[in-house]
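I have placed the structure first, in the form of structure tokens, so that the comments after it can refer back to it.
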Amino acid sequence: MLRIRVHSSSNLRDGMAVHILHSDIKRAITSKGFLFGIIGMALVIILSSLDAFVMMSRRSLQLQNGYHAQLVMNALSSDWFTLALPILCALPFTAAFVDDIKSGYIKQYLHRTTLFKYIGGKLTACALSGGLVLFAGIVLCYVLAALVFTPMELAPGDGETAQPLFAQLLLKAATLFFSGAFWSLAGFTFAALTMSKYMAYASPFIVYYVLIILNERYFKELYVLYPKEWLFPSQHWVMGGFGVILLLTVLCAILCLLFAIIAQRRLANV
């Protein structure tokens, strides 16, 4: 009889852990911050493409085939995007851990699951939401650009094949997904360290530009820690974009470990 009760209790905890994970992910991707991040991505692409819009308004020529995809790709390499990237990633979920503790909500459900599963759920939701803000925003902008500009584009000429522009953009968006996950986890970890919501939103931006300044002024050969290289890898990278993804995966794992250590100390007396 005792074994049955222990087994039932274990199943209940496992079920609760899954429920908390789903709840955290839902909380992240249905938040206002996630919506604002996607809208912000659209605004960044529009602002970085203003010159192209002005030129189009002055000319009545038809656009080259694939112009809509090239427009989005050019926007991803603009200063506007570089400025906004770490900010957009931090909007959905980086302050969630601080909110849970300061609101006292953590006491209501932490005892229903294990500390490890609680931390894992928070980290998963944070990484997913930070990455998906960029990925979903880029795909949305591509769809909008295709709807607006495709009717103005020339068809492929005789003997020409259409370029796999959407596939190329998806590959770029996938790389940016890992970059977004990293910056979101960076804000999440700094927020737990300082117990400040302001640091949750500001720290990714600060770290991002500290790394850029260090590389551009002092350590130009240290390209692996240059955030702009994570967006458009140069020829120095082994395995190209996949090498960037591997690096970002390792950095994300380090941040997850740091957050787990900090969170265990914060929740020791809860």
Are any of the pairs Lys102/Lys228; Lys117/Lys172; Lys26/Lys102; Lys117/Lys228; Lys32/Lys102 more than 26 Å apart by Cα-Cα distance, and if so, which?
Lys102/Lys228; Lys117/Lys172; Lys117/Lys228
Taking the number of other C-beta atoms within 10 Å as the exposure measure, put Ile212, Ile262, Ile254 in order starting with the fewest.
Ile254, Ile212, Ile262
By the scheme Lys and Arg +1, Asp and Glu -1, what is the net charge of all other residues having a beta-carbon under 14 Å from that of Glu216?
0
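Read the figures in this text as sums done on the coordinates, not as results from a lab. Computed from a prediction, not measured in an experiment: that's the story for all the values here. No Cβ is skipped: glycine too gets one built from the backbone with ideal geometry, and neighbour counts run over all protein chains shown.
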